[in-house]
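Visitor: Have a look at the structure that comes next, please.
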Amino acid sequence: MLRLPASVLVLTFFLALVAWGRNQDTKIFSVRVSTKDASERNSIANAGIAIDKVFSDSVAFIGTEIEIDKVKNLGLKYKVNNISTRKLDFPSSDQAFHNYSEMIQALDSIQNKHPDIASRFSIGKSLEGRELAGIRLSRSKKQDSLPTAIFMGCHHSREHLSVEVPLKLAEYLASQYETDVRIRNLLDNREVLIVPMINPDGAEYDITSNDYKYWRKNRRKNVDGTYGVDLNRNYSKGFGGSGSSNSPSSDIFHGPQAFSEPETQAVRDWVRSRKKTTVLLSFHTFSELVLWPFGHTNDQVPSQIDQQVFETMGKKMASWNKYTPQKSSDLYLASGDTTDWAYDELKIFAFTFELSPDSMFTGGFYPGASAIEPTFKANIEPALYLIEKAENPYAVLKEQKDPLQLIP
Ligand code: 0X9
Ligand code: ZN
C-alpha cells in the first residue's frame, strides 16, 4: 500500500474541502471595493479576482469568502452583499434565453429556413463533448473567397446575454437577406461566421438547478479538485501575465498552459484556418463597453496605424450602442484574452463588447429576458459596420478625415 506522509494527507484533505466548499454550499457575495486608480484595480485583478464592473472610485465583483479575504489582505475598503439566497430561474422567468440544445435548434432552424445563405458548421467539441456549433452566412458557396467577419459569444458561462445577441444577429441577417438591400449586399460580398456559445459546458452548468450559479469558467477538473479554467485567460498572447491567476480555484485561472482547453484550441485552429478574416467580435457581459487590444499590457499595439484603426472603429461603434469605448487595459489589465491573441498572431481587428446592463445594480449577469431585444437592437449597427469594414478596415482612417464633421 502507498504510504503518504501525514502532512500530504492533511493538505489533500484541506484542498478537497476547499474544492467541495466552492462547488456545494458556497455563499456568493456581490462585493464593492474602493479603489483610487488603475494600479489598485490591477492589484485586485492580480490577486486572482474577476472584476465585473469598474467605477471611477471603486470596482465590483461577484465572489466568495475566499475573494473577500484577498481584498482584506490588500488593505482596501469594501462592502459586501450576500446574494446567494437570491432565487433566479432560467427555465421559467428567463425562458427566452437559449440553453445549449435550444441554441442548436435555433441554428438548425436558420439553416432550414434559409438554405441558400445559411449553413451550420462545427469548430470542434467542448471538454464534455458538446459540439461547438456555428452558422455561416454568405451567398457564396466558396469558403475563404470573401472578406470574413467572425462573431463569438459566451466565453464566460454566466454571460447568457452574450449568446442571445450573436444568435439574434444570425437570425436577423438571414431573415433580412431577401428584403433589405444593404443586408443582401453584405451577404453577397462577405462571409459572416457566428459561434454563439464557446463555453457550452459552463453555460449548462450555470443553469443546472433553479438557481443561477454565477459560473464563469469552463468545467475542467483541475489538479486540486476545483473546477474550471477561464477561457478568456487561456489564449497565448501575454499568457500568465497581469490580471490572470495560477491558482486553479480562482475565477481568472489561466490554465496549465496557453490553449490547454479544447474550447480555446478549437477557436484558435478555426480562426487560423479562415484566412480572409479581418474583423472579430467577442461578446461578453456586462458594463456596456467597446474594448480593443492590448489588454495584457498598458503598451499600445506596435503599429500606430493599427492603433488608430482600432480607436476609430471602436469609437464609431460606440456612437451607435452608446457604450464606453476604450483600450482594454484602461479598464484593467487581463492577460491571455481572445482579442490580444487574434490581433497579435493574425492581425485581425478584434474587439470585445461588454453588453448591457451597465452595472450589477441594473441586473448584472442576469438582467432578465427583457434585456435581450434592446441589447440586440443597440448592437445591430455596430455589427453591420464591422461586416461592412471587413473588406478593408484601414479604409476607416480615410473616412475619418472629415474636419467639418459632415459624416454622421
Ligand atoms: O475579464 C474579462 O475577460 C472581460 N470582462 S468580463 O467581465 N466579461 O469577464 C474583459 C476582457 C477585456 N480585457 C481586459 N480588460 N484587459
Ligand atoms: Zn466575460
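The values are calculated or read from the model by the stated rules, or taken from the named source; none is laboratory data. The model shown is predicted, which means the values in this text are computed figures rather than measured ones. Ideal geometry is used to build each Cβ from the backbone, glycine not excepted, and the neighbour counts take in all protein chains shown. SASA here: full protein model, heavy atoms, side chains in, ligands and nucleic acids out. Shrake-Rupley method; radii C 1.70, N 1.55, O 1.52, S 1.80 Å.
Visitor: Hey, could you check the range 203-217 for residues that are touching a helix residue (DSSP H, G or I) at 6+ places or on another chain (Cβ under 8 Å) and more than 13 Å from ligand 1 (Cβ to nearest atom) and say which is farthest from residue 41 (Cα to Cα)?
Guide: The residue in question is 204.
Visitor: Tell me, which residue of the range 314-336 that is in contact (Cβ under 8 Å) with a residue 40 or more places away in the chain and among the basic types (Lys, Arg) is surrounded by the most Cβ atoms within 10 Å (Cβ to Cβ)?
Guide: Step by step, filter the range 314-336, then rank; the result is 316.
Visitor: Here is a further query. Just checking, which of 181, 223, 165 is within 16 Å of ligand 1 (Cβ to nearest atom), in the same structural domain as residue 123 (by TED's automatic domain parsing) and among the β-branched types (Val, Ile, Thr)?
Guide: From the options 181, 223, 165, the qualifying one is 165.
Visitor: Inspect all residues belonging to the range 220-237 and state whether any of them is open to solvent by less than 40 Å² (accessible area, probe 1.4 Å), more than 14 Å from ligand 2 (Cβ to nearest atom) and within 20 Å of residue 268 (Cβ to Cβ).
Guide: No, the range 220-237 contains no residue that is open to solvent by less than 40 Å² (accessible area, probe 1.4 Å), more than 14 Å from ligand 2 (Cβ to nearest atom) and within 20 Å of residue 268 (Cβ to Cβ).
Visitor: If residue 101 meets every condition in (1) outside the structural domain of residue 30 (by TED's automatic domain parsing); (2) touching a residue at least 12 places away in the same chain (Cβ under 8 Å); (3) among the hydroxyl-bearing types (Ser, Thr, Tyr) apart from one, which number is that one?
Guide: Only one criterion is unmet by residue 101, namely (2).
Visitor: Where in the range 243-342 are there strands (runs of 3 or more DSSP E), lying fully within it, with 3 or more residues that are within 16 Å of ligand 2 (Cβ to nearest atom), touching a strand residue (DSSP E or B) at 6+ places or on another chain (Cβ under 6 Å) and under 20 Å from residue 192 (Cβ atoms)?
Guide: In the range 243-342, 277-285 are the strands (runs of 3 or more DSSP E) which contain 3 or more residues that are within 16 Å of ligand 2 (Cβ to nearest atom), touching a strand residue (DSSP E or B) at 6+ places or on another chain (Cβ under 6 Å) and under 20 Å from residue 192 (Cβ atoms).
Visitor: Under 7 Å between Cβ atoms, which residue pairs at least 6 apart in sequence (or on different chains) link something in the range 279-290 that is not assigned by TED's automatic domain parsing to the domain that holds residue 368 with a partner that is more than 9 Å from ligand 2 (Cβ to nearest atom) and at pLDDT below 95?
Guide: none
Visitor: Collect the residues in the range 288-320 that are acidic (Asp, Glu) and over 21 Å from the mean Cα position of the chain (by Cα), keeping them in residue-number order.
Guide: Across the range 288-320, the qualifying residues are 299, 306.
Visitor: Same structure again: Among the strands (runs of 3 or more DSSP E) confined wholly to the range 44-141, which include 2 or more residues that are exposed (fewer than 14 other Cβ atoms within 10 Å of the Cβ)?
Guide: 78-82
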